[in-house]
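One structure is given below, encoded as structure tokens.
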């Protein structure tokens, strides 16, 4: 299953439209579920895969665990959860100049994670399509260890030392 997650605050029409187009082209819409965000009257509504604007946290966690591939905006919550679960993650940044967000912090996030194993950064519909086709045909083995839910011990030790120094 492919799980699309765009966060709860804003829709991400460009990403939802790109995935909907891929579903129409490949006929694989039955394999996709999308959480597409709070919608306005002009928001894009996919027709080739099942979706909801928002889902409950427990349903979100279940979808994340069931997913073979996660497609997402470059939101840290989804990135961290996908890495923690060891799931292949396709990310696309919301862009301020396209009125998808207030600033381009997600573009910086994509640049930071672009080289990480198991994370696939895409910029447009073609790159999304090509990446999904490759992932679903070849699969992807997550070689890197899953990230921990907890901070690295060296960080907590450094913080402890800093706090108790003063």
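Coordinate-derived values only; no laboratory data. Values in this document were obtained by computation on a predicted structure and should not be read as measured data. No Cβ is skipped: glycine too gets one built from the backbone with ideal geometry, and neighbour counts run over all protein chains shown.
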**Prompt:** Which condition does residue 34 not pass, out of (1) surrounded by fewer than 22 Cβ atoms within 10 Å (Cβ to Cβ); (2) over 20 Å from residue 117 (Cβ atoms), if it passes all the others?
**Reply:** (1)
**Top-ranked residue of the range 112-127 - restricted to ones that are exposed (fewer than 15 other Cβ atoms within 10 Å of the Cβ) and in contact with a helix residue (DSSP H, G or I) (Cβ under 9 Å, 6 or more places away or on another chain), ranked as farthest from residue 16 (Cα to Cα)** = 116
**strands (runs of 3 or more DSSP E) within the range 1-69 that include 3 or more residues touching a strand residue (DSSP E or B) at 6+ places or on another chain (Cβ under 6 Å), touching a residue at least 24 places away in the same chain (Cβ under 8 Å) and within 22 Å of residue 130 (Cα to Cα)** = 2-5, 32-35
**Prompt:** Counting just the residues of the range 40-50 that are in contact with a helix residue (DSSP H, G or I) (Cβ under 9 Å, 6 or more places away or on another chain) and surrounded by fewer than 18 Cβ atoms within 10 Å (Cβ to Cβ), which one comes out nearest to residue 68 (Cα to Cα)?
**Reply:** 50
